[in-house]
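These notes concern the structure reproduced below.
The values are calculated or read from the model by the stated rules, or taken from the named source; none is laboratory data. These numbers come from a predicted model, not from an experiment. Quick reminder, even Gly has a Cβ in these numbers, built from the backbone with ideal geometry, and neighbours come from all protein chains shown. Calculation scope for accessible area: heavy atoms of the full protein, side chains included, ligands and nucleic acids excluded. Shrake-Rupley method; radii C 1.70, N 1.55, O 1.52, S 1.80 Å.
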Amino acid sequence: LIIFRTLIVSSTNIYLSNILSIYAASLISFTLNGKYNFKVFDDKIRRYIIFVLIIIIGSVLSSLIIRLFVPFLGPMYAKIISLPIVTLFQFICNFKITFKK
């Protein structure tokens, strides 16, 4: 949210701000999820490729949700609404696909 807000304030496009903030957060997410949530350490390259594909799908979902809610609530509230939905989607996908043992 901090990165998203900073980019919005600096007049960056809402959707570009959304995508950049998602990818910034995902940089450490893969390592932390593998180590602490799922405790999976093998086949990192294949798992990372799948993880990135899920991030891409999640960023599209997030952008669609933001597009839907921005006219009514503004960019920050639209982003806040998108977070739990996208987080749940990505967690389920990563649990069932990326980090499946």
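State whether one or more residues within segment 53-67 are part of a helix (DSSP H, G or I), open to solvent by less than 30 Å² (accessible area, probe 1.4 Å), touching a Cys at 6+ places or on another chain (Cβ under 9 Å) and more than 19 Å from residue 17 (Cβ to Cβ). Within segment 53-67, one or more residues are part of a helix (DSSP H, G or I), open to solvent by less than 30 Å² (accessible area, probe 1.4 Å), touching a Cys at 6+ places or on another chain (Cβ under 9 Å) and more than 19 Å from residue 17 (Cβ to Cβ).
In segment 8-28, the residues that are more than 21 Å from residue 49 (Cβ to Cβ) form Cβ pairs under 6 Å with partners that are small (Gly, Ala, Ser), at six or more places apart or across chains, as follows: 8/17; 15/63; 18/62; 18/63.
Looking only at segment 29-71, residues that are under 22 Å from residue 100 (Cβ atoms), β-branched (Val, Ile, Thr) and in contact (Cβ under 8 Å) with a residue 40 or more places away in the chain come to 3 in all. The number of residues in segment 68-84 that are assigned to a helix (DSSP H, G or I) and open to solvent by less than 60 Å² (accessible area, probe 1.4 Å) comes to 7. If you go through segment 85-97 and keep only what is without any contact (Cβ under 8 Å) to a residue 12 or more places away in the chain and either open to solvent by less than 40 Å² (accessible area, probe 1.4 Å) or basic (Lys, Arg) (or both), you end up with just 96. Among the residues of segment 1-49, those identified as of a type in the set (S, T, N, Q), assigned to a helix (DSSP H, G or I) and open to solvent by less than 90 Å² (accessible area, probe 1.4 Å) are 6, 17, 18, 21, 26, 29, 31, 33.
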